[in-house]
Amino acid sequence: MISSYTIGIYPRSEKLIDATRTNAKNLASLYLAEKKEYIVIQKKARLGYVCDPLVDWDDIFRPFSKLKSVKPEALNRVYETNTFYRKLALDGDFADAGNIVKSHLAVSLLPKNRTVCLVDPYTFADVHVSSRYRKKDELALSIAKMLRKEIDTLVKSGFSLIQLVAPSIAYNPKVDFSTVKDALNIITKGLKAKTILHFYFGDITKKLERLLDMPVSGLGIDTTTTPISSIKKHSFSGKTLAIGIVNSYNTKLEDKHELVTEINNIISKTKPNEAFVTTNFDLQYLPKEFAVRKILKLGEIARGVKSA
């Protein structure tokens, strides 16, 4: 078997959705109850790493609006999906960063094998605005320093796998790889945790060679947008490969035997130092009942795959 984990925000139940619309008095307890339920499901699925399902996060950036120098602005569409995030004005030095993410996680509910999902600095800078940092590279590097403070706190709290989701790197036709690398160096230098840079919302076939040179433990790839044939052409020797093969954008349940065969084939071709099987991106795009089935299926698939 190989290890496994899920990515990003989970879907809210209908009960929780209704409670958020009315701002119910017991909303905090409802969030906590749903977090507990999802964590139990991840454990039942025997995932290699367990995450907070982030059901109380309105979007992956929203907790950072609590920083003193950050101001929330208009809603903006998440790439080409029907979901939205709150655009942030990032106009300060983030001096009060360091405990924002942890304070928004149910850390006490998580087992020792815990992971957390954050946005990579390049994507973060790409989708937000700043009057202080006029150049995107300057903003990305400042965000990287802020995220490193957050990650250091998380690592001290037992998080041993840090997911850095990077949809802008996949989605944008042109990418400043120098800025991506410099920002990731800030995050990963001397860090005592694994880091996986995960791509979705775009085909990274033409970028993969450059991305393999990034200072992270490994790469995570959405196989619905980047062809598996492209991944197989590259050596992952010395790197970790996270195969995002369980589709979070489709309710159809995956065929375990078919995917186990495919993953074994990918691993034999790419020869990674370590391999994971994951969802391709956030489960929040599915109804809760289907998300639960996908989590359990993910665990089944991981247990059927040969070790890397």
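Every read-out reported here was derived from the displayed coordinates using simple, explicitly stated rules and does not represent laboratory data. Only a predicted model underlies this, so the values are computations on that prediction, with no experimental measurement involved. Note: ideal-geometry Cβ built from the backbone for every residue, glycine included; neighbour counts use all protein chains shown.
Quick notes
- Computed on the Cα trace of the range 188-295, the radius of gyration divided by the Kirkwood hydrodynamic radius gives Rg/Rh = 0.97.
- Taking 0.36 nm per residue of separation and subtracting the Cα-Cα distance, full extension of the segment from Lys306 to Asn76 would add 78.6 nm.
- In a fully extended conformation the segment linking Lys256 and Arg21 would gain 80.9 nm over its present Cα-Cα distance, using 0.36 nm per residue.
- The distance separating the Cα centre of the range 75-92 from that of the range 127-163 comes to 17 Å.
- When the chain is treated as a Gaussian network with alpha carbon springs shorter than 10 Å, the biggest mean-square fluctuation among Leu154, Leu88, Leu75 belongs to Leu75.
- Put simply, the amide H of Glu73, placed in the peptide plane, has neighbours under 5 Å in Lys87, Leu88, Ala89, leaving out anything fewer than 5 places away on its chain.
- Treating r as the C-beta distance of Ala28 and Val155 and R0 as 41 Å, the FRET efficiency rounds to 0.95.
- Comparing mean-square fluctuations of Thr278, Thr81, Thr179 from a GNM of the chain with C-alpha springs under 10 Å, the top value falls on Thr81.
- Note on Arg134 and Asp93: the model spin-label points, each 7 Å out from Cα along the C-beta direction, lie 2.0 nm apart.
- Taking the range 65-187 and dividing mean pair separation by its residue count, relative contact order in percent (alpha carbons under 8 Å, at least six apart): 28
- Residues Arg148, Arg46, arranged from fewest to most other Cβ atoms within 10 angstrom of their Cβ, appear as Arg46, Arg148.
- Looking at the range 1-38, the trypsin sites (Lys or Arg not before Pro) that sit in a DSSP loop and have at most 10 other Cβ atoms within 10 Å of their own Cβ are Lys25.
- Subset of Lys102/Lys271; Lys35/Lys252; Lys135/Lys271; Lys149/Lys207 violating a 31 Å alpha-carbon distance limit: Lys102/Lys271; Lys135/Lys271
- Estimated dipole of the chain in Debye, rounded to 20 [Cβ of Lys and Arg +1, of Asp and Glu -1, Cα centre]: 560
- Available extension along the chain between Ile228 and Ser65 is 55.0 nm, counting 0.36 nm per residue and deducting the alpha carbon span.
- A cut-off of 5 Å between modelled amide H atoms, ignoring neighbours fewer than 5 places along the same chain, links Phe276 with Leu241, Ala242, Ile243.
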